[in-house]
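**Q** This is the structure I want to talk about, given as C-alpha cells.
Please treat every number below as a calculation from the coordinates, not as lab data. What you see is a predicted model, and the numbers here were worked out from it, not measured in a lab. Here the Cβ positions follow ideal geometry from the backbone for every residue, glycine too, while neighbour counts run over all protein chains shown.
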Amino acid sequence: MILWINGAFGAGKTTAAHELHRQLPNSFIYDPENVGCFIRENSPKSFSAGDFQDIPLWRKMNYEMLKMIQANGIIIVPMTIVSKTYYDEIITKLINDGVTIRHLILYASKETILQRLKTRSKGQPEAFAIQAIDRCIRAFKTDITEIKIMTDEKDIGDVVSEIAQLCNLKMTKGKSCGGQI
C-alpha cells in the first residue's frame, strides 16, 4: 500500500511520515523530492529551473518507482502535490494500475502554516513555501479534495492516530512521541 500524505509546506507531512514509519513495521519513506534533486544535479540549469514537478520526467520517474516498490510493505510518501494534472499522472495512474493508495491531506489554516514555517526555519521561512500557501489551500478546496485531517490544534500523536484509524493501520511500536508538528 502507498500512503500519500499531502498538504501545504508546514502542514506536518514529513513529521507525520517519520512518526508513522517509527510505529509501522515493514514501512518505508519514499521522498519524491529526491528525484527532483537528482534531476537538478544531473542536468543543465536551463532544463531543471523552477519547480521540478513541472518536469515531465519527475512525474514519470516517481510513478515508475512507486509502481515498482509498492508491493514491499507500506510506502509512506510525504509530498505536496497541488496540480490535478500531476496528481492524475502519478496517483490516479497508479490507482488505475491496481495499486492500493490512501491519499490524505494534512490541512491547516494559513496562520498556523506561517507559524510552523517560522518555527522550523528559526524565523526565516523559505520564500517558496510562503508563496505556495494560498495555492495549496485553494487546490485542497477545489481540485484535490480527498480526506482532510485538520492539524491546527493537534500534536503529532493525534495526527498519526487519525491517519492510522482512517487507513486501518496497526501501529505496533508503542505510543506516539507526541509533540508539535
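**Q** How do 6-15, 59-68, 139-148 rank on mean C-beta neighbours within 10 Å, highest first?
**A** 6-15, 59-68, 139-148
**Q** Could you work out how much longer the chain between I130 and L57 gets when fully extended? Use 0.36 nm per residue separation minus the Cα distance between them, nm to one decimal.
**A** In short, 23.7 nm is gained.
**Q** Quick one: putting +1 on the C-beta of Lys and Arg, -1 on the C-beta of Asp and Glu, what dipole do you get for the chain around its Cα centre, in Debye to the nearest 20?
**A** 200 debye
**Q** Per-residue ellipticity at 222 nm for the chain, helices alone: DSSP H runs ≥ 4 residues times -39500 (n - 2.57), over residue total, nearest 500 deg cm²/dmol?
**A** After summing the helix terms and dividing by residue count, I get -13500 deg cm²/dmol.
**Q** For a quick check: sort F47, F52, F38 by the number of other beta carbons within 10 angstrom, fewest at the front.
**A** Ordered from fewest to most neighbouring Cβ atoms within 10 Å, F47, F52, F38 come out as F47, F38, F52.
**Q** Taking the simple approach of a point 7 Å from Cα along Cα-to-Cβ for both A49 and Q115, what is their distance in nm?
**A** Placing both labels 7 Å along Cα→Cβ, they lie 3.9 nm apart.
**Q** In nm, give the distance between the simple-model label positions of Q165 and A71, each being 7 Å from the Cα along the Cα-to-Cβ direction.
**A** 3.4 nm
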